[in-house]
1. Out of curiosity, is GLU96 part of a helix (DSSP H, G or I), charged (D, E, K, R) and within 14 Å of SER169 (Cβ to Cβ)?
2. Output the number of residues of segment 135-154 satisfying the condition of being more than 7 Å from the ligand (Cβ to nearest atom) and either under 17 Å from THR122 (Cα atoms) or outside any loop (DSSP other than H, G, I, E, B) (or both).
3. Quick one: would you say GLY118 is within 6 Å of the ligand (Cβ to nearest atom) and at pLDDT 95 or above?
4. Is it true that TYR166 is within 10 Å of the ligand (Cβ to nearest atom) and closer than 18 Å to ALA111 by Cβ?
5. Could you check segment 125-134 and list, in sequence order, the residues that are within 7 Å of the ligand (Cβ to nearest atom) and either under 21 Å from the mean Cα position of the chain (by Cα) or open to solvent by 30 Å² or more (accessible area, probe 1.4 Å) (or both)?
6. From the set of residues in segment 71-87 that are closer than 16 Å to THR158 by Cβ and part of a loop (DSSP other than H, G, I, E, B), which is farthest from the ligand (Cβ to nearest atom)?
7. Which one of the conditions (1) more than 10 Å from the ligand (Cβ to nearest atom); (2) crowded, with 18+ Cβ neighbours inside 10 Å; (3) without any contact (Cβ under 8 Å) to a residue 60 or more places away in the chain does VAL160 fail to meet, given that it meets all the rest?
8. Spot the failing condition for GLU68; the list is (1) within 14 Å of the ligand (Cβ to nearest atom); (2) part of a helix (DSSP H, G or I); (3) surrounded by fewer than 16 Cβ atoms within 10 Å (Cβ to Cβ), and only one is missed.
Amino acid sequence: MSDYKHDVVFDHEYDGIQEFDNKLPNWWLFILYATIIFSVAYWLLLHTYGLGELQIEKYDSEMAAAQELMLAQASAGGITDESLTLAASLPDKVAEGQALFNTYCVVCHSARGEGLVGPNLTDAYWVHGGKPTDIHRIITDGVPAKGMAAWGSQLGPTRVEKLSVYVVSIMNTNVSGKAPEGELVE
Ligand code: HEC
């Protein structure tokens, strides 16, 4: 330590270039050790003990909040093709509708909507129109003469909307089941 001298040149020389044998500056070493301590602390707190949010979790929760906002904006003007289509792209919303579908609809439309007494809801053919709002209208008003109840009066608008979202999410998934009925909707 004591025989250390500042700005002493090494013996070697490459291509006419020489170098000093100086110590690294303290500010530089401080940053080096600080980053090492930070990385260990970060690893332990966030990964090992699960305190705080990881980047990917932050990303997911921000995306979820943004989707909620988009959905709120799309639904501001009431139930539209856009609001139902958007909700049908969100797994949470689809799951809510699926639970209701399993309770009220599978007896006639089967477990995956492929049809039994009622038509196949996964093909591209629709008796009463294939727009999301058409589906919402049929679930609300039903076709009593054909055995499809008017669910709007039985379940109320909130549950009918959730069911519509689920049906929109399975449209065109083409599960093989009951033969197509109605018109082809592109
Ligand atoms: C008792 C049997 C039965 C139940 C239960 C039932 N449906 Fe239906 N559904 C039908 C029948 C039959 C039709 C076809 C009506 C027609 O041909 O006009 C139909 C038609 C539909 C259609 C229109 C299909 C098209 O091609 O236009 C949708 C959407 C639908 N049902 C959704 C549902 C939902 C959602 C539920 C649960 C809340 C449900 N259904 C419960 C029998 C049923």
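1. Details: part of a helix (DSSP H, G or I): yes; charged (D, E, K, R): yes; within 14 Å of SER169 (Cβ to Cβ): yes.
Judged against the criteria, GLU96 is a match.
2. Of segment 135-154, the ones more than 7 Å from the ligand (Cβ to nearest atom) are 136-137, 140-142, 144-145, 150, 152-154.
Those left that are additionally either under 17 Å from THR122 (Cα atoms) or outside any loop (DSSP other than H, G, I, E, B) (or both): 136-137, 140-141, 144-145, 152-154.
Summing the residues that are more than 7 Å from the ligand (Cβ to nearest atom) and either under 17 Å from THR122 (Cα atoms) or outside any loop (DSSP other than H, G, I, E, B) (or both) in segment 135-154 gives 9.
3. Values: within 6 Å of the ligand (Cβ to nearest atom): yes; at pLDDT 95 or above: yes.
For GLY118, the condition - within 6 Å of the ligand (Cβ to nearest atom) and at pLDDT 95 or above - is met.
4. Details: within 10 Å of the ligand (Cβ to nearest atom): yes; closer than 18 Å to ALA111 by Cβ: yes.
Answer is yes for this residue.
5. If the condition is that a residue be within 7 Å of the ligand (Cβ to nearest atom) and either under 21 Å from the mean Cα position of the chain (by Cα) or open to solvent by 30 Å² or more (accessible area, probe 1.4 Å) (or both), then TYR125, VAL127, HIS128 are the ones that fit.
6. Here is the first cut: in segment 71-87, the ones closer than 16 Å to THR158 by Cβ are 71-72, 75, 78-79, 83-84, 87.
Now narrow it down to the ones that are part of a loop (DSSP other than H, G, I, E, B): 78-79.
Values: GLY78: 19, ILE79: 14 Å.
So, considering only residues that are closer than 16 Å to THR158 by Cβ and part of a loop (DSSP other than H, G, I, E, B), the one farthest from the ligand (Cβ to nearest atom) is GLY78.
7. The failed condition is (1).
8. With (1) within 14 Å of the ligand (Cβ to nearest atom); (2) part of a helix (DSSP H, G or I); (3) surrounded by fewer than 16 Cβ atoms within 10 Å (Cβ to Cβ) applied to GLU68, the lone miss is (1).
The values are calculated or read from the model by the stated rules, or taken from the named source; none is laboratory data. Here the structure is a predicted model, which means the values were calculated and not measured. No Cβ is skipped: glycine too gets one built from the backbone with ideal geometry, and neighbour counts run over all protein chains shown. Note: accessible area is taken over every heavy atom of the protein model, side chains too, but ligands, DNA and RNA are not part of it. Shrake-Rupley method; radii C 1.70, N 1.55, O 1.52, S 1.80 Å.
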